[in-house]
1. Say whether the condition of being over 18 Å from residue 93 (Cβ atoms), surrounded by 15 or more Cβ atoms within 10 Å (Cβ to Cβ), modelled with pLDDT of 70 or more and in contact with a His (Cβ under 8 Å, 6 or more places away or on another chain) is met by at least one residue in the range 1-20.
2. Does residue 122 fit the bill of being surrounded by fewer than 13 Cβ atoms within 10 Å (Cβ to Cβ) and farther than 30 Å from residue 35 by Cβ?
3. Here are the criteria: (1) surrounded by 15 or more Cβ atoms within 10 Å (Cβ to Cβ); (2) in the same structural domain as residue 34 (by TED's automatic domain parsing); (3) of a type in the set (Gly, Ala, Ser). Tell me which single one residue 92 does not satisfy.
4. Working carefully through the options 124, 118, find the one that is at pLDDT below 90, assigned by TED's automatic domain parsing to the domain that holds residue 193 and either among the β-branched types (Val, Ile, Thr) or out of contact with any Lys or Arg (no Cβ under 8 Å at 6 or more places or on another chain) (or both).
5. For residue 45, state whether it is buried (at least 19 other Cβ atoms within 10 Å of the Cβ) and touching a residue at least 24 places away in the same chain (Cβ under 8 Å).
6. Any residue in the range 119-141 that's farther than 17 Å from residue 174 by Cβ: show its pairings with residues that are among the hydroxyl-bearing types (Ser, Thr, Tyr) and not in a strand (DSSP E or B) at Cβ separation under 9 Å, as long as the two are six or more apart or on different chains.
7. Would you please list the contacts, defined by Cβ atoms under 6 Å and residues six or more apart or on different chains, that run from a residue in the range 14-32 that is under 13 Å from residue 49 (Cβ atoms) and assigned by TED's automatic domain parsing to the domain that holds residue 54 to a residue that is surrounded by fewer than 18 Cβ atoms within 10 Å (Cβ to Cβ) and among the polar types (S, T, N, Q)?
8. Considering only the range 40-67, how many residues are closer than 14 Å to residue 78 by Cα and in a loop (DSSP other than H, G, I, E, B)?
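The values are calculated or read from the model by the stated rules, or taken from the named source; none is laboratory data. These numbers were taken from a predicted model, which means no experiment stands behind them. Here the Cβ positions follow ideal geometry from the backbone for every residue, glycine too, while neighbour counts run over all protein chains shown.
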Amino acid sequence: MTQNPQTTDDLMGLVRAGTQVRVVVRSCEVPGVVTVLRDTHFEILRQAPGPDWLLDGSIHAASVRVAVNGGLLCVPTYCWNAGTHLRGRLAGPAVLLPFRRPPRITVHLPCILSWTPESTGTEETVWCESHDLSLTGVRLRAPSGAWPPAGAQALVILGLPSGACRLHSLVIGEGPAQTVRLRFTVPLSDRSALVTFLTSYAML
């Protein structure tokens, strides 16, 4: 599905000041919040510093991405660093990519799950295995042991054939048969090893 906003005024129904976005430059994602949206220009307050080459004042081709109802809105832009902000202008029409449920495979991989309970401040670790896995999350299973509560931040270390893959995650909740489901929170650019594994697994 394609939208055709040619100026930021056309985007006002979808994106406005205060909207959370991700600016994708090369393979780097920088989270931010829209602060100015006017004519063909915008300003985004960076919520992470970004790489040094992004902060040198040069103009970069970038995609500003924001989740909207039904999909991911991708806006081609040119942007440059301006102190704590990224400034930019539209470079073409926006495209709405519909959300699709990512394929989930049943695969048993050795895993380590670690988290730090607020009540103790001491890191806890569970050795477990994956029950099913997708690009966006994993369901883990262990013979015994307590899982972190829903909403907790945790680290999943997947034992992929290519080596350990560290994925910061959000605990969704416990399931049947001593399982727990987690959603990965790291940027897609930090999941390259997982993408390679899932792609090769699907071709078997």
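1. Step one: list which residues in the range 1-20 are over 18 Å from residue 93 (Cβ atoms), which gives 16-20.
Imposing the further condition that a residue be surrounded by 15 or more Cβ atoms within 10 Å (Cβ to Cβ) reduces the set to 19.
With the extra rule that they be modelled with pLDDT of 70 or more, the set shrinks to 19.
Checking which are in contact with a His (Cβ under 8 Å, 6 or more places away or on another chain) leaves us with none.
No, the range 1-20 has no match at all.
2. Numbers: surrounded by fewer than 13 Cβ atoms within 10 Å (Cβ to Cβ): yes; farther than 30 Å from residue 35 by Cβ: yes.
Considered against the rule, which asks whether it is surrounded by fewer than 13 Cβ atoms within 10 Å (Cβ to Cβ) and farther than 30 Å from residue 35 by Cβ, residue 122 comes out as yes.
3. If we test residue 92 against (1) surrounded by 15 or more Cβ atoms within 10 Å (Cβ to Cβ); (2) in the same structural domain as residue 34 (by TED's automatic domain parsing); (3) of a type in the set (Gly, Ala, Ser), just (1) comes out false.
4. Values: 124 fails: at pLDDT below 90.
None of the other options fit; the residue is 118.
5. Details: buried (at least 19 other Cβ atoms within 10 Å of the Cβ): no; touching a residue at least 24 places away in the same chain (Cβ under 8 Å): yes.
For residue 45, the condition - buried (at least 19 other Cβ atoms within 10 Å of the Cβ) and touching a residue at least 24 places away in the same chain (Cβ under 8 Å) - is not met.
6. Listed pairs, sorted by first residue: 122/116; 123/116; 133/201.
7. Note: pairs meeting the criteria are 29/189; 31/47; 32/47.
8. 4
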